[in-house]
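Engineer: Let me begin by handing over the structure; questions about it come next.
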Amino acid sequence: MNEWKDDEKTRVKEIIRNINLPEKGHALDFGCGNAVFVEVLAEALPGWTIVGCDVSNVAIKNAKRRYPQYTFFVSASGEIDASLVHSFDLVFTHHVLEHVSNMTKTAEEINEYLKPRTDIIHILPCGNKESLEW
């Protein structure tokens, strides 16, 4: 996905701003694709360092080209960079987990990035009335 509707991006920003996160921290957009929500995270958390990762080399190349000011890396490559282990205060996914074929392996990978106290936001598709997707 290269883009999402502005009202959805605004709603996600509101959700992030309303969970009372500290003024500074490190956030990971896990499964960032072409990085649409990396920018949303940066706008919602202006004092934070934002990092994106995805299993797709192509998506990460696109993300780096689109947003050179952020850090991106290919995940699920077998080894996690030691500097990223237990380094994130927030892990965010948007329409990612429903595409995962091995949830246990994915949860284990996400766990490697978490600090002992990490906030996690998972947004999954749902067309039910009053849902984010509605």
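The values are calculated or read from the model by the stated rules, or taken from the named source; none is laboratory data. These numbers were taken from a predicted model, which means no experiment stands behind them. All Cβ positions, glycine included, derive from the backbone under ideal geometry; neighbour counts span all protein chains shown. Just so you know, the surface numbers come from the protein's heavy atoms only, side chains and all, with ligands and any DNA or RNA stripped out. Shrake-Rupley method; radii C 1.70, N 1.55, O 1.52, S 1.80 Å.
Engineer: Sorted by accessible area with a 1.4 angstrom probe, largest first, how do Asp7, Asp29 fall?
Structural biologist: Largest accessible area first, the residues go Asp7, Asp29.
Engineer: Give the percent of DSSP beta bridges with both residues in the chain that are antiparallel, rounded to the nearest 5. Don't jump to the answer; show the numbers that get you there.
Structural biologist: Working: 0 of 18 bridges.
Around 0 percent of the beta bridges assigned by DSSP in the chain are antiparallel ones.
Engineer: Here is a follow-up. When the solvent-accessible surface of protein heavy atoms is calculated with a 1.4 angstrom probe, in what order do Trp48, Trp4 fall, highest first?
Structural biologist: Accessible-area ranking of Trp48, Trp4, largest first: Trp4, Trp48.
Engineer: A 23 angstrom limit on the alpha carbon distance is what I want to check against. Which of Lys5/Lys115; Lys24/Lys115; Lys9/Lys129 exceed it? Intermediate results must be reported in sequence, preceding the final value.
Structural biologist: Working: Lys5/Lys115 32 Å; Lys24/Lys115 14 Å; Lys9/Lys129 18 Å.
Over 23 Å apart, Cα to Cα: Lys5/Lys115.
Engineer: Note the per residue figure in Å³ for the convex hull of the C-alpha positions in segment 1-74. Show your work: numbers first, answer last.
Structural biologist: On the way: hull volume 5.5 nm³, N = 74.
For segment 1-74, the hull spanned by Cα atoms encloses 75 Å³ per residue.
Engineer: Calculate the spin-label point distance for Cys126 paired with Asn18, positioning each point 7 Å from the Cα along the beta-carbon direction, and give it in nanometres.
Structural biologist: Computed distance between label sites Asn18 and Cys126 equals 1.4 nm.
Engineer: Something else now. Using a Gaussian network for the chain with springs between C-alpha atoms less than 10 Å apart, which of these wobbles most: Asn18, Asn57, Asn111?
Structural biologist: Result: Asn18 has the largest fluctuation of those listed.
Engineer: Also: Report the equivalent ellipsoid semi-axes for segment 36-93 in whole Å, largest first, defined as the square roots of five times the eigenvalues of the gyration tensor built from alpha carbon atoms. Don't jump to the answer; show the numbers that get you there.
Structural biologist: Values: eigenvalues 65, 50, 16 Å².
Over the Cα atoms of segment 36-93, the semi-axes work out to 18, 16, 9 Å.
Engineer: So what is the relative contact order for the chain, in percent, with contacts set as C-alpha pairs under 8 Å and at least six apart? Can you show the working numbers first?
Structural biologist: Numbers: 209 pairs, mean separation 30.0, N = 134.
Computed over the chain, the figure is 22 percent.
Engineer: Same structure, new question: Go ahead and run the numbers for FRET between Ile80 and Trp4, Cβ-Cβ distance against an R0 of 25 Å, rounding to 0.05. Working shown, then result.
Structural biologist: Details: r = 28 Å, r/R0 = 1.11.
Computed FRET efficiency for Ile80 and Trp4: 0.35.
Engineer: May I pose another question? Pop out the Kirkwood hydrodynamic radius of the chain from its pairwise C-alpha distances, inverse of mean 1/r, in Å to one decimal.
Structural biologist: On the way: mean 1/r = 0.0662 Å⁻¹.
With all distinct Cα pairs of the chain included, I get 15.1 Å.
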